[in-house]
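Visitor: Quick one: the structure is below, questions incoming.
The values are calculated or read from the model by the stated rules, or taken from the named source; none is laboratory data. Keep in mind the model is a prediction, meaning the values are calculated, not measured. Cβ coordinates were reconstructed from backbone atoms using ideal geometry, including for glycine residues, and neighbour counts include every protein chain displayed. We work out accessible area using only protein heavy atoms, side chains counted, and drop any ligands, DNA or RNA first. Shrake-Rupley method; radii C 1.70, N 1.55, O 1.52, S 1.80 Å.
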Amino acid sequence: MTLEELVQEGEIAGLPPWEVEDLTWGEVAEVVRAHRERERRAAQRQAAIAWQQAGLIAQALTEGRLDEVYEVFPYWNEEEIRARKVEKCRRMMERHAGAS
């Protein structure tokens, strides 16, 4: 890898050009490696979510039901789950009251 390529890779990894010039080639290479690893892990997370989405779509089509998002994706805390449940109940009560 040439110095120009290393500077370019460093910039892609988020290093400003003046910082690339202050670091050794090994330090820049380590920043680039860490950046690529973060990107790889982000791609893995996206793939896992896409896989789960495909399963949810299949479940909805074959079984006619769809689990709550917080049951499938573990990104909500208890307070947020409680708020979603309360909101769901509120909407159901409003629909029921409107149908009467």
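Visitor: Is it the case, given these coordinates, that TRP51 is aromatic (Phe, Trp, Tyr), outside any loop (DSSP other than H, G, I, E, B) and on the phi < 0 side of the Ramachandran plot? If you could, list the steps in order and put the result at the bottom.
Guide: Working: aromatic (Phe, Trp, Tyr): yes; outside any loop (DSSP other than H, G, I, E, B): yes; on the phi < 0 side of the Ramachandran plot: yes.
So TRP51 fits the description; yes.
Visitor: Which members of the stretch 1-27 meet the condition of being open to solvent by 90 Å² or more (accessible area, probe 1.4 Å) and farther than 30 Å from TYR75 by Cα? If you could, list the steps in order and put the result at the bottom.
Guide: Let us first name the residues in the stretch 1-27 that are open to solvent by 90 Å² or more (accessible area, probe 1.4 Å), namely 1, 3-4, 8, 12, 18, 21-22, 25.
MET1, LEU3, GLU4, GLN8, TRP18, GLU21, ASP22, TRP25 - these are the residues of the stretch 1-27 that are open to solvent by 90 Å² or more (accessible area, probe 1.4 Å) and farther than 30 Å from TYR75 by Cα.
Visitor: Give me a count of the residues in the stretch 57-100 that are part of a helix (DSSP H, G or I), open to solvent by less than 90 Å² (accessible area, probe 1.4 Å) and at pLDDT 85 or above.
Guide: Here is the first cut: in the stretch 57-100, the ones part of a helix (DSSP H, G or I) are 57-63, 69-72, 78-99.
Now restrict to residues that are open to solvent by less than 90 Å² (accessible area, probe 1.4 Å): 58-60, 69-70, 72, 80-81, 83, 87-89, 97-99.
Okay, now just the ones that are also at pLDDT 85 or above, so 58-60, 80-81, 83, 87-89, 97.
Going through the stretch 57-100 one residue at a time, the tally reaches 10.
Visitor: Consider only pairs whose beta carbons are under 7 Å apart and that are at least six residues apart or on different chains; among these, list those whose first residue lies in the stretch 28-42 and is under 10 Å from GLY10 (Cβ atoms) and in contact (Cβ under 8 Å) with a residue 12 or more places away in the chain and whose second residue is surrounded by 12 or more Cβ atoms within 10 Å (Cβ to Cβ) and of a type in the set (Val, Ile, Thr).
Guide: VAL28/VAL20
Visitor: OK, next. What are the pairs with Cβ atoms under 6 angstrom where one residue, in the stretch 55-78, is under 20 Å from ARG45 (Cα atoms) and the other, located anywhere, is modelled with pLDDT under 80 and exposed (fewer than 10 other Cβ atoms within 10 Å of the Cβ)? Sequence gap at least six, or different chains.
Guide: Going by the 6 Å Cβ cut-off, there are no qualifying pairs.
Visitor: Is it the case that some residue within the stretch 28-35 is of a type in the set (Asp, Glu) and loosely packed, with under 12 Cβ neighbours inside 10 Å? Before the answer, list the steps.
Guide: Residues of the stretch 28-35 of a type in the set (Asp, Glu): 30.
Imposing the further condition that a residue be loosely packed, with under 12 Cβ neighbours inside 10 Å reduces the set to none.
Looking through the stretch 28-35, none of the residues is of a type in the set (Asp, Glu) and loosely packed, with under 12 Cβ neighbours inside 10 Å.
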